[in-house]
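Colleague: Pasting a structure below so you can have a look.
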Amino acid sequence: MPKFSALDFSKFGAAISMIGACLLTGCATQTQQIKMNESRDQFKNGDMQSTAATIQSIFKDKNTLYYLELGGVQRLQGAKQIPNSTQNLLAADQLVEQWEIATSDKLKRSFTSMSSYILSEGLSSNYDPKPYEVSLLSQTIALNHLSQGRWNDAMVEAKKMAQREKVIEELIQSKVTAVSKVEQQQQNNQNTRGATSRIQNIGGYPINLLDDEETRSLKNAYQSPAAYYLSGFIHESQGEASLAAPGYRLAIELRPSVNFFKTSIAKLDSNIANQAKKSFADTLIMIDTGYMPKISPHQISQSVTFGGNSKLVTLTFPVIEKSSDRFAPNYIQLGDRVANPELVANIDAMARKNLQDEMPAYVLRATSRALVSLATQYAADQAAQQAARKNNQNNQNNNAAIIGAIAGMLTGYGLQAINVTDVRHWSTLPAQTYMARMGLPIGTTVLKFALPSGVIQSQTVNLVGGYNVIYIRMFRNKATVLTSNDPAALPLPPQVVAPQTITNPVSTVPRASSDEVKPKEGALDGFKKLFSGFMGPKPEEATLSAPVLAAPVEPESAATVPAVNPIPRPASGNMDGLKPYEPPSLLNSLQQLFN
């Protein structure tokens, strides 16, 4: 009976822990997005309550994407859910702020750090927001603030959007440089010489989905003309001509075909000069239609040359579906006035442009992992054959060689098994945004509009003197309407309770900590403990205590909206317990394979 030492089994542990942790993360993230894709019909039908419940059941990690999805859906449940929506969107905003700080720090480091990021990205439970999602987060929070009459807070969001775009631009440029350098390094390594960053070299990938006319017309994947125009409108409402003008100009630069963009910049100074004399409601109408295209993992079998022989490997890439369910609002009427909304932002095309920009890194990552897995399997196979021939050596050394070979093969096959791609995205965003700006009578007005089904929906809106925003999110057969300065969006005021005489007072003693009820562990928690046992503690666990994050407020009826602290705290004040952003570090475990 052969005997194996603890050292021999540690090789199994290292290989299995690395593979297992990556499989858990990769499979979990893919399954999460697949389930979101499968539940899209309830969202398209305007069933926001079921969509919110689905989000809460699917997401096991309360990461940035969770808060984006939940906060975005909650606001579409109506004005009474705006406080809950704002709380969750501010949670997402705080995580994006941490991502921004970590990214800025990463960009200051050496090229090795960025190359590690390029090759290991996609295997973390953390979620790096896509560039266009960062802009749309600020836009959505600003719209929430407007619903609650907080125009100054909306202006803060408008400024934040422009600041973050500087980091995004620098990150994109750094990725392009890093991909080029990493690809050159891979070509100089005999094990990864066949790695490529060109999707054109991968047969069978639908490149046409990333190269349509609308996508080519975009300047970049992160600047939204709608967000910039809204920013200008908000600044104008506050009398800030010097801040409104850049927003209008950028909107014109990004979408020069929109007529009222040009009118707004031309009339900016006179509008601000005559604000006190306005006898009408200056109203911006914003209409979101359509649905973000699904992004799904797509496997392609590719033949590569390795060791003088042709090998078949399976590569996985993200594929974005064709545009569908597009709808241009053709009938919008307020009182006796008819609006003529214009297409100002194509978020569908922004998602395609972003995937097009990211594709070189996806291709390089997939081909490199496939080649490393082949090299590792080949080396392990050679070691196993050599060990088998050394029958003249002692049994312990022979067993160690065999164990090492098997561990190597496990690592090789595991690398091929984790050939996953991160297809997560903010799936409840609209596909297109339309806008119109009108001068309307102050007071109540009947809003009418046609839905994609042809049904005419009507709703009474109240317009105040000065500036107003009417937001419409259209679904198949219904719509959500939100207006600025909406009393229904505010929490109920605190109720005054008459003092009562208390008889037989009972002292309340807090329970001892040992009496606290602990949540049950799930199967995934058990696996994570198992793999963490192999891999050892993370560096930060030695110095940081476990952060505690308050659970987001669940959707509530109007009767149960909290009465205390009606206005959510700023993002910097309500997220103290969030876990710091951790960039992926798989490459650190695999660097030996590339050298």
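Colleague: So what's region 145-251 giving for Rg/Rh, alpha carbon basis, Kirkwood Rh from the mean inverse pair distance?
Modeller: Values: Rg = 20.6 Å, Rh = 17.3 Å.
Rg divided by Rh gives 1.19.
Colleague: Quick one: how many Å² of residue 160 are accessible to a 1.4 Å probe, rounded to 10?
Modeller: Approximately 40 Å² of residue 160 is accessible to the 1.4 Å probe.
Colleague: Does region 146-198 classify as rounded, prolate or oblate by the C-alpha gyration tensor (a ≥ b ≥ c root eigenvalues; a/c under 1.5 gives rounded; else a/b over b/c gives prolate, otherwise oblate)? Mind dumping the intermediate values first?
Modeller: Details: a/c = 7.80, a/b = 4.56, b/c = 1.71.
Because a/c hits 1.5 or more and a/b exceeds b/c, region 146-198 counts as prolate.
Colleague: Right, next: If you add up the charges near residue 189, with Lys and Arg at +1 and Asp and Glu at -1, over every other residue whose beta carbon is less than 14 angstrom from its beta carbon, what do you get?
Modeller: Working: positive: 181, 193, 369; negative: 183.
Here the charged neighbours net out to +2.
Colleague: Further, regarding this structure: Using the Karplus curve 6.51 cos²θ - 1.76 cosθ + 1.60 with θ = phi - 60°, what ³J(HN,Hα) values do you get for each residue of region 172-187, in whole Hz, with x for Gly and Pro?
Modeller: For region 172-187, the Karplus-derived couplings read 4, 5, 5, 5, 4, 5, 5, 4, 4, 6, 5, 4, 5, 4, 5, 5 Hz, x marking Gly and Pro.
Colleague: Report the Rg/Rh value for region 242-315, based on alpha-carbon coordinates and the Kirkwood definition of Rh. Could the numbers behind the result be given before it?
Modeller: Numbers: Rg = 26.3 Å, Rh = 17.9 Å.
That ratio is 1.47, to two decimals.
Colleague: Right, next: Short version: ³J(HN,Hα) in whole Hz for each residue of region 256-267, in order, from phi by Karplus 6.51 cos²θ - 1.76 cosθ + 1.60 (θ = phi - 60°), x for Gly and Pro, what are they?
Modeller: x, 7, 7, 5, 6, 4, 5, 5, 5, 6, 5, 9
Colleague: Given the C-alpha atoms of region 280-366, compute the convex hull and give its volume per residue in Å³. Walk me through the intermediate numbers first.
Modeller: Numbers: hull volume 9.3 nm³, N = 87.
That works out to 106 Å³ per residue.
Colleague: Turning to a different aspect of this structure: Using the Cα centre as the reference, give the magnitude of the dipole from point charges on the C-beta atoms of region 265-316 (Lys, Arg: +1; Asp, Glu: -1; all else neutral), rounded to the nearest 20 debye. Don't skip to the end; give the middle numbers.
Modeller: Numbers: 5 positive and 3 negative charges, 12 e Å.
It comes to approximately 60 debye.
Colleague: Next up: At 0.36 nm per residue, minus the direct Cα-Cα distance, what do residue 274 and residue 108 gain on full extension? Give it in nm, one decimal, please.
Modeller: Numbers: separation 166, 0.36 × 166 = 59.76 nm, distance 4.75 nm.
Going from the current span to full extension adds 55.0 nm.
Colleague: Let me ask another. In the structure displayed, which of 108/181; 160/262; 80/322 lie more than 26 Å apart, Cα to Cα? Intermediate values should be presented prior to the final figure.
Modeller: Values: 108/181 17 Å; 160/262 24 Å; 80/322 35 Å.
The pairs that break the limit, which is 26 Å between Cα atoms, are 80/322.
Colleague: At 0.36 nm per residue, minus the direct Cα-Cα distance, what do residue 208 and residue 177 gain on full extension? Give it in nm, one decimal, please.
Modeller: Values: separation 31, 0.36 × 31 = 11.16 nm, distance 2.50 nm.
Full-extension gain reported as 8.7 nm.
Colleague: Sticking with this structure for a sec: For residue 339, list long-range residues whose amide hydrogen, built 1.01 Å from N in the peptide plane, is under 5 Å from its own amide hydrogen.
Modeller: Those lying under 5 Å, H to H, from residue 339 are 332, 333, 334.
Colleague: Could you work out the local net charge near residue 92, counting Lys and Arg as +1, Asp and Glu as -1, over the other residues with Cβ closer than 12 Å to its Cβ? Walk me through the numbers before you get to the answer.
Modeller: Numbers: positive: 62; negative: 69, 93, 97, 133.
Its environment carries a net charge of -3.
Colleague: Using a 7 Å offset from the Cα along the Cα-to-Cβ direction at both residue 49 and residue 446, what is the distance between the two label points in nm, to one decimal?
Modeller: 2.8
Colleague: Using protein chains only and a probe of 1.4 angstrom, how many square angstrom of residue 231 are accessible, to the nearest 10?
Modeller: My reading of the accessible area for residue 231 is about 10 Å².
Colleague: Work out how much length residue 488 to residue 381 would gain on full extension: take 0.36 nm times their residue separation and subtract the Cα-Cα distance, in nm to one decimal. The partial results should precede the final answer.
Modeller: Values: separation 107, 0.36 × 107 = 38.52 nm, distance 6.90 nm.
That pair, residue 488 and residue 381, stretches by 31.6 nm at full extension.
Colleague: Add +1 for every Lys or Arg and -1 for every Asp or Glu among the other residues with Cβ under 14 Å from the Cβ of residue 131, and state the total. List each step's numbers first, then the result.
Modeller: Values: positive: 130, 164, 166, 175, 219, 352, 353; negative: 100, 128, 133, 165, 169, 170, 357, 358.
Neighbour charge sum, excluding residue 131 itself: -1.
The values are calculated or read from the model by the stated rules, or taken from the named source; none is laboratory data. Remember, predicted model here, so these are calculated numbers, not experimental data. Neighbour counts are summed over all protein chains in view; Cβ atoms, including those assigned to glycine, are modelled from backbone coordinates with ideal geometry. Protein only, heavy atoms only, side chains kept; ligands, DNA and RNA dropped before computing areas. Shrake-Rupley method; radii C 1.70, N 1.55, O 1.52, S 1.80 Å.
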